[in-house]
Amino acid sequence: MATVNILHTSGLTKTYAGIKANTDVDFELAQGKITALIGPNGAGKSTFVGMVSGRIEATRGQVFFEGKDISKLPAHKRIQLGIAYTFQITSVFPGLTLHENVALAARRAFRGDEAAVDAKVRTVLTRVGLGERANQIAGDQSYGHQRLLEIAMGFAQDPKVFILDEPTQGLAESEVQDFIQLMKSLAGEVTILLIEHNMTVVMETADHITVLDQGMVLANGTPSEIHENAAVQAAYLGTTDAED
Amino acid sequence: MTASRKSMGLHLGVLVVLAALFFILPPYHTGNMARIMVLAIYAMGYNFLFGYTGLLSLGHALFFAAGMYGFGMTVTQLGLPVPVAFAFGILAAAVVSLVIGLLALRTSGVAFMIVTLMFAQAGYLTILYFGEYTRGDEGFVIKQAQRTVAGIDLTSEAGRYGAAFILFAICFLLLARLVQSPFGRTLIAIRENEERTRMLGYDATRLKLQAIVVSGAVSGMGGATYALLFGYVGATFATVQYSIFPLLWVLLGGAGTTVGPLIGVLFMFYLIDISSSYTDAYMLIAGVVLVLLTMFAPQGLAGELRKRVMPWLP
Ligand SMILES: Nc1ncnc2c1ncn2[C@@H]1O[C@H](COP(=O)(O)OP(=O)(O)OP(=O)(O)O)[C@@H](O)[C@H]1O
Ligand SMILES: [Mg+2]
């Protein structure tokens, strides 16, 4: 069966004052699947998704979304096309309620229908397990709850592609399990690009894995293929699972 | 009671009190209150940008002056009817703020403060440079005959109070509505976390530009109203001092609250008024009170109220 790519990049490169964070990355994201992007610290994963979402300007190379070249579009236009992004470093609206945080994410799609926005917000908050806390202030929440809130803000946009940069970082073990369940429940619904250090999460959720090392694509394959891959093991030597 | 009902009740309540004050207070104080309401229009315009959008401008005197001169010069020199000249004043301020916004929004933070300060200074010097038309430092007076609308003499005590009240009420209610609308809420989001707002698909730059235009237009309306009700247009109103005033009023009253600007102007006006009746060193007293307030009520008076008892305050 031929897989359809909803998004792909060609020769995507980022240089920071001489540091090559990404070099000629050619990447494909299969529609409706969960693709994990893994690699050691500093491999360039965040830089890569930053360039895909438009948050970081690429030095050169192209990003294609649904067949169209979106390389020149500013971040907000790409998000409007259906690419949602959660930050590696939690980024919410600390002074606002959880409800308002998610409403801001949902509102664009409902153009003025506040009742529909409210309903959407309730559904999404319940789905990530924050339903009871809707009227609390985001800044007062624990780290784990703020991470969940970020995820909720992503879902609330009903994205076509959902990019998550280390969503389980700093979550308690039980919360990680909940996250895995949440990802699985989305199977087929949304295309997910997941950056993750926690190998349990990767192995349990990903349909496909791309490994990045020193800013370049090192390997591509199914979880079991990657698991066996000698080059990947070498790149990770000493930095595997134990890290988290 | 829902938050929006409480808010509606509060805003109408404030207006009822302001209207009633005219019949209760002696003339000296009604005169003061008229001035306070007019300056509060300016403060509300400033608050929209500073308190809600999170952009600290040090150049709002330019917008205030644009409204003031836009109205004053067209009514005296072109002889336009008052309502037309008044609308022209607001339009002038909107256009000026659009241009300043397009330029200043290339910067942020401290650079934004400096750029707005510089533009306002350039505006002030422009007024002096074209002294032949603007009458420079000396300014000009708008005659009583040109301060009448639909047969109502706005130089009379009641006419002035009524006009100040109506124009204040329009801005007060419209802005309260605007900050609770999706547009206003997105501006608050920009204030809280601009990058996040962008990464939710909002064109933050464009929204900030719109906020500057709204803020500039309302500030300009404050300037036009001041000229209309107090009959004087002068370059002093374009000085740095008049850019700092709204910042102080809003900080004292409560930035990012709808009632804060009015409270701030009222408080500062009477603080200076009362302390100057006791001592010549009134600025010292005012200064000490301001320092105490920033120490013990850093969110401003209305901001503290919101924090402690009225979390629904918009
Ligand atoms: N703004 C920046 N300026 C300079 N160098 C940067 C910048 N951002 C990232 N880098 C460098 O680019 C490289 C890739 O960083 P990136 O954050 O993309 O890695 P990562 O794979 O996401 O790492 P981690 O797993 O730690 O999140 C690193 O060497 C990093 O130091
Ligand atoms: Mg990273």
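The values are calculated or read from the model by the stated rules, or taken from the named source; none is laboratory data. No experiment lies behind these values; they were computed from the predicted model shown. FYI the Cβ positions are ideal-geometry reconstructions off the backbone, even for glycines, and counts take in every protein chain you see. Side chains included, ligands, DNA and RNA excluded: accessible areas come from the protein's heavy atoms. Shrake-Rupley method; radii C 1.70, N 1.55, O 1.52, S 1.80 Å.
Find all pairs meeting these conditions: Cβ atoms under 9 angstrom apart; at least six residues apart or on different chains; first residue within region A:37-60 and under 15 Å from residue A:199 (Cβ atoms) and outside the structural domain of residue A:231 (by TED's automatic domain parsing); second residue open to solvent by 10 Å² or more (accessible area, probe 1.4 Å) and within 7 Å of ligand 1 (Cβ to nearest atom).
If the second residue must be open to solvent by 10 Å² or more (accessible area, probe 1.4 Å) and within 7 Å of ligand 1 (Cβ to nearest atom), no pairs are left.
Within region B:248-270, can you find the residues that are in a helix (DSSP H, G or I), open to solvent by 10 Å² or more (accessible area, probe 1.4 Å) and under 15 Å from residue B:36 (Cα atoms)?
Answer for region B:248-270, where residues must be in a helix (DSSP H, G or I), open to solvent by 10 Å² or more (accessible area, probe 1.4 Å) and under 15 Å from residue B:36 (Cα atoms): B:248, B:249, B:252, B:262, B:263, B:266, B:267, B:268, B:269, B:270.
Checking the condition touching a helix residue (DSSP H, G or I) at 6+ places or on another chain (Cβ under 8 Å) and modelled with pLDDT of 90 or more, which residue from B:87, B:120 passes?
Going through B:87, B:120 in turn, the sole match is B:120.
Filter region B:206-220 for residues that are of a type outside the set (A, V, I, L, M, F, W, C) and more than 10 Å from every other protein chain (Cβ to nearest Cβ) and give the result.
B:208, B:210, B:215, B:216, B:219, B:220
State whether one or more residues within region A:97-111 are under 24 Å from residue A:184 (Cα atoms) and part of a strand (DSSP E or B).
No, region A:97-111 contains no residue that is under 24 Å from residue A:184 (Cα atoms) and part of a strand (DSSP E or B).
Has region A:3-12 got any residue that is of a type in the set (Val, Ile, Thr), away from ligand 1 (no atom under 12 Å from the Cβ), out of contact with any Cys (no Cβ under 8 Å at 6 or more places or on another chain) and open to solvent by 30 Å² or more (accessible area, probe 1.4 Å)?
yes
Regarding residue A:31, is this residue more than 16 Å from ligand 2 (Cβ to nearest atom) and either open to solvent by 30 Å² or more (accessible area, probe 1.4 Å) or among the basic types (Lys, Arg) (or both)?
Yes.
Can you tell which of A:97, A:59, A:86 is surrounded by fewer than 22 Cβ atoms within 10 Å (Cβ to Cβ), β-branched (Val, Ile, Thr) and either within 20 Å of the chain's Cα centre (by Cα) or away from ligand 1 (no atom under 16 Å from the Cβ) (or both)?
The match here is A:97.
Among A:71, A:91, which is surrounded by fewer than 23 Cβ atoms within 10 Å (Cβ to Cβ), more than 16 Å from ligand 1 (Cβ to nearest atom) and not in a helix (DSSP H, G or I)?
Result: A:71 is the single residue among A:71, A:91 that is surrounded by fewer than 23 Cβ atoms within 10 Å (Cβ to Cβ), more than 16 Å from ligand 1 (Cβ to nearest atom) and not in a helix (DSSP H, G or I).
Are any of the residues in region B:129-145 under 30 Å from residue B:21 (Cα atoms), at pLDDT below 90, surrounded by 13 or more Cβ atoms within 10 Å (Cβ to Cβ) and out of contact with any Lys or Arg (no Cβ under 6 Å at 6 or more places or on another chain)?
yes
Looking at residue A:24 and the list (1) open to solvent by less than 20 Å² (accessible area, probe 1.4 Å); (2) within 16 Å of ligand 1 (Cβ to nearest atom); (3) over 29 Å from residue A:181 (Cα atoms), which single condition is not satisfied?
Condition (1) is where residue A:24 drops out.
Could you go through region B:221-231 and let me know if any residue there is among the aromatic types (Phe, Trp, Tyr), farther than 26 Å from residue B:108 by Cβ and more than 14 Å from chain A (Cβ to nearest Cβ).
Yes: region B:221-231 contains one or more residues that are among the aromatic types (Phe, Trp, Tyr), farther than 26 Å from residue B:108 by Cβ and more than 14 Å from chain A (Cβ to nearest Cβ).
With the condition being within 14 Å of chain A (Cβ to nearest Cβ), I'd like the helices (runs of 4 or more DSSP H) fully within region B:116-205 carrying at least 1 qualifying residues.
Output list reads B:157-180, B:182-192, B:194-198.
To keep it simple, each residue is scored yes or no on (1) more than 13 Å from chain B (Cβ to nearest Cβ); (2) in contact (Cβ under 8 Å) with a residue 24 or more places away in the chain; (3) within 16 Å of ligand 2 (Cβ to nearest atom); (4) surrounded by 22 or more Cβ atoms within 10 Å (Cβ to Cβ).
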residue	(1), (2), (3), (4)
A:105	no, yes, no, yes
A:122	yes, no, no, no
A:127	yes, yes, no, no
A:139	no, yes, no, no
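What single numbered condition from (1) in contact (Cβ under 8 Å) with a residue 60 or more places away in the chain; (2) away from every other protein chain (no Cβ under 14 Å); (3) within 16 Å of ligand 1 (Cβ to nearest atom) fails to hold for residue A:150?
(2)
Just need a number here: residues in region A:35-53 that are more than 6 Å from ligand 1 (Cβ to nearest atom) and either among the hydroxyl-bearing types (Ser, Thr, Tyr) or open to solvent by 10 Å² or more (accessible area, probe 1.4 Å) (or both).
Final tally of qualifying residues: 3.
Could you tell me whether any residue of region A:1-13 is closer than 20 Å to residue A:86 by Cα, out of contact with any Gly (no Cβ under 6 Å at 6 or more places or on another chain) and either within 16 Å of ligand 2 (Cβ to nearest atom) or in a loop (DSSP other than H, G, I, E, B) (or both)?
No, region A:1-13 contains no residue that is closer than 20 Å to residue A:86 by Cα, out of contact with any Gly (no Cβ under 6 Å at 6 or more places or on another chain) and either within 16 Å of ligand 2 (Cβ to nearest atom) or in a loop (DSSP other than H, G, I, E, B) (or both).
What number of residues within region A:161-191 are closer than 26 Å to residue A:64 by Cα and within 16 Å of ligand 2 (Cβ to nearest atom)?
Residues that pass the stated criteria total 5.
Given the conditions (1) at positive phi; (2) within 16 Å of ligand 2 (Cβ to nearest atom), and given that residue A:158 satisfies all but one, which numbered condition is not satisfied?
(2)
Return the only residue of A:43, A:17 being away from every other protein chain (no Cβ under 14 Å), within 13 Å of ligand 2 (Cβ to nearest atom) and modelled with pLDDT under 95.
Unique residue meeting the criteria: A:43.
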